[in-house]
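Have a look at the structure below before the remarks.
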Amino acid sequence: MPSFSVSLLLLGLSSAASQPNFVLLFADDLGYGDLGCYGHPTSLTPNLNRLAAGGLRFTDFYCSSPVCSPSRASLLTGRYQTRSGVYPGVLYPDSIGGLPLNETTIAEVLKPAGYATAAVGKWHLGYGANGTYLPTNQGFDQYLGIPYSHDMGPCKNLTCFPPDVKCFGQCDVGTVTVPLMRNKKIVQQPVNFLELEKAYSDFATNFIVTAAQKQQPFFLYYPAHHTHYPQYAGTRTAGKTLRGPFGDALAEFDHTVGDIMAALEKTGVANNTLVFFTSDNGPELMRMSRGGSAGLLKCGKGTTYDGGMREPAIAYWPGTIQPGVTHELASTLDILPTMARLAEAKLPSVVLDGVDITELLIQQGKSKRETMMFYPTNPSELYGLFAVRMGKYKAHFYTQGATHSGTTPDADCPVFAVLKAHDPPLLFDLEMDPSEYYPLSVTGRPDLQAVLEKIRQVKAQFEATMVFANSEMSKGTDKNLVPCCNPQCSPKPTCCSCA
Ligand code: MG
């Protein structure tokens, strides 16, 4: 197998041209079964389908947490959330903590290598006093977006189709309306959701065009609000799909993906850009038909079954990544080391949990990832890992349902499925049984007993070296920290409103 630099030469890329651009598309609460190219019958995702057809589509790709903030922390740092302290649960508008500034994000890895960096969309890694934790303090030159989930505020300006239909939920009525921020400044509060995706699309296009004109390599991170609850969509896609509000929201996200691809193509940089798409966690099944779908996987958001953490993922880089499907194991944790390698950037001197998957992408080689660790939404040293995947096998040491995964007929998914320890662990062959329906009996099967023994060893080694950072969420909340466009006004939170 040729080395990476040799294969780049074979591909006609000189060393100077080998510093590629990166576009990282990150959907929210989108499940394994939600895209057209992953088998959903009524989703309208032509642009993502096109990336899948022309790129590498993963069948065994995992995020690191079944909820938003910890998953994002791992994506951007290449480290399990337990190391950065972004656990348990998620951050709120008045959270005191956030992704610690001494953690090194992908943007902070790429900037010293000469990259322009921008984030657009849902941050959800903290706000903090005076916007301490916003993207512009975490390696991003520019930011446009909502710094947390869009249900974390009264659902103002949120319209479903047709417009007289309520958006099925009150959201968080006790806090400020949702702000739109440009860098560290609030530019709209409440945000106009119907115009939001267009603003994101324009921002992303402008960023790409500017960097391309300067011939500067760039990193664009687009964590979307879609398809998190509550669903909304602007006029371009509202009412346009067969799938209802969720389908319309997903189609709006897909439309922005199309706009970004058009910008890459128009500026002539598409062939020198790695576009990577995945999602932060599994579907919020409690929203029923207005939540996503894990397809054939078990349960969804909030659980350590595969439906909570196995995600659609696509790597697209015309001329460099051959179209195809891979069953190799990979994770959001692997993005940072892979982008660092491709950019010839220096890795941070910290323990990384990600592995470089360049050979998997470029040469359709093997993944260096042999295991995936599953922490619940509230990781603790007391319980440790809930599950471990090694090769095709997954062993559950603990299982627990989640509120987010309520309403499905599977009794293991909702919150009523209380924490259960398994000794011996529940063992599944995910190649034969991706739905985790049929635990394997190890009795009289020395081969499977050896698998379990190996998994126990791997788990023990991993946990012996895992150092839990202090929890950022346990720092608590302070009502004075919420973003307010009119900081001196009274009474809060209702006065935080600007025309
Ligand atoms: Mg999420």
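Read-outs throughout are calculated quantities, based only on the coordinates presented, and are distinct from any laboratory measurement. For clarity, every value in this text was computed on a predicted model and none was experimentally measured. All Cβ positions, glycine included, derive from the backbone under ideal geometry; neighbour counts span all protein chains shown.
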Assigned charges on the beta-carbon of Lys, Arg, Asp, Glu; the chain dipole about Cα centre (debye): 600 debye
The chain: relative contact order in percent, alpha carbon pairs under 8 Å with at least 6 residues between: 24 percent
So, in nm, how far is label Ser441 from label Ala411 when the simple model puts each one 7 Å beyond its Cα toward the Cβ? 2.1 nm
Once the convex hull of the alpha carbons of region 374-467 is built, what does its volume come to per residue, in cubic angstrom? 106 Å³
Let me know the whole percent of all Cα-Cα pairs from region 339-400 that are separated by more than 18 Å. 54 percent
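In a shell of Cβ-Cβ distance under 12 Å around Arg287, excluding Arg287 itself, what net charge do Lys and Arg (+1) and Asp and Glu (-1) give? Display every interim value, and only then the final one.
Values: positive: Arg290, Lys301; negative: Asp29, Asp151, Glu284.
For residues surrounding Arg287, the net value is -1.
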Percentage of Cα-Cα pair distances in region 317-371 greater than 19 Å, rounded to whole percent? 27 percent
Using the basic label-point model (7 angstrom from Cα toward the beta carbon), what is the Val209 to Asn378 distance in nanometres? 5.0 nm
Restricting to DSSP H runs of at least four residues, report the calculated mean residue ellipticity at 222 nm for the chain, -39500 (n - 2.57) per run over all residues, nearest 500 deg cm²/dmol. -7000 deg cm²/dmol
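Quick check on the exposure proxy: order Val350, Val458, Val325, Val176 from fewest to most C-beta atoms within 10 angstrom.
Val325, Val350, Val458, Val176
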Please give the direction-averaged projected area of the C-alpha convex hull for region 19-370, in square nanometres with one decimal. 15.3 nm²
For region 374-467, what is the charge dipole size about the Cα centre, in debye to the nearest 20, if Lys and Arg each add +1 at the Cβ and Asp and Glu each add -1 at the Cβ? 160 debye
Find which of Val275, Val173, Ser84 sits farthest along the positive direction of the dipole of the chain, computed with +1 on the beta-carbon of Lys and Arg, -1 on that of Asp and Glu, about the Cα centre. Val173
Compactness of region 105-250, expressed as Rg and Dmax over alpha-carbon positions, Å: 16.1, 50
When the charge dipole of the chain is computed with +1 at the Cβ of Lys and Arg and -1 at the Cβ of Asp and Glu, the Cα pointing farthest to the positive end, of Phe428, Ala211, Gly354, is that of Ala211
Please order Cys171, Cys68 by the number of other Cβ within 10 Å, starting at the fewest. Cys171, Cys68
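Calculate how many DSSP beta bridges within the chain are antiparallel, expressed in % of all such bridges and rounded to the nearest 5.
Around 55 percent antiparallel, to the nearest 5.
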Here region 18-153 gives, from Cα atoms, an Rg and Dmax in Å of 16.0, 46
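Once you have the Cα-Cα distance between Gln364 and Lys184, take 0.36 nm times their residue separation minus that, and quote the gain in nm to one decimal.
60.7 nm
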Estimated distance in nm for a label pair at Asp433 and Thr235, the labels positioned 7 Å out from Cα along Cα-to-Cβ: 5.3 nm
Given a cut-off of 23 Å, name the pairs among Lys198/Lys240; Lys111/Lys368; Lys122/Lys368; Lys111/Lys184; Lys301/Lys394; Lys298/Lys394 whose C-alpha atoms lie farther apart than that in the structure shown. Lys111/Lys368; Lys122/Lys368
Which of the listed residues, Gly258, Gly384, Leu419, is farthest toward the dipole's positive end in the chain, when Lys, Arg count +1 and Asp, Glu count -1 at the beta-carbon? Gly258
Hydrodynamic calc, region 291-438: Kirkwood Rh from Cα pairs, then Stokes-Einstein at 4 °C with viscosity 1.567 mPa s, so D in µm² s⁻¹ is 77 µm²/s
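At 10 °C and 1.306 mPa s, what whole-number value in µm²/s does Stokes-Einstein give for the translational diffusion of region 214-263, with Rh from the Kirkwood sum over Cα pairs?
Rounded to a whole number, D works out at 133 µm²/s.
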Per residue of region 27-32, what does 6.51 cos²θ - 1.76 cosθ + 1.60 with θ = phi - 60° give for ³J(HN,Hα)? Whole Hz please, x for Gly and Pro, Karplus curve as stated. 7, 10, 6, 9, x, 4
Cα-based radius of gyration of region 415-454 once divided by 2.2 N^0.38 Å, which approximates compact folds: 1.32
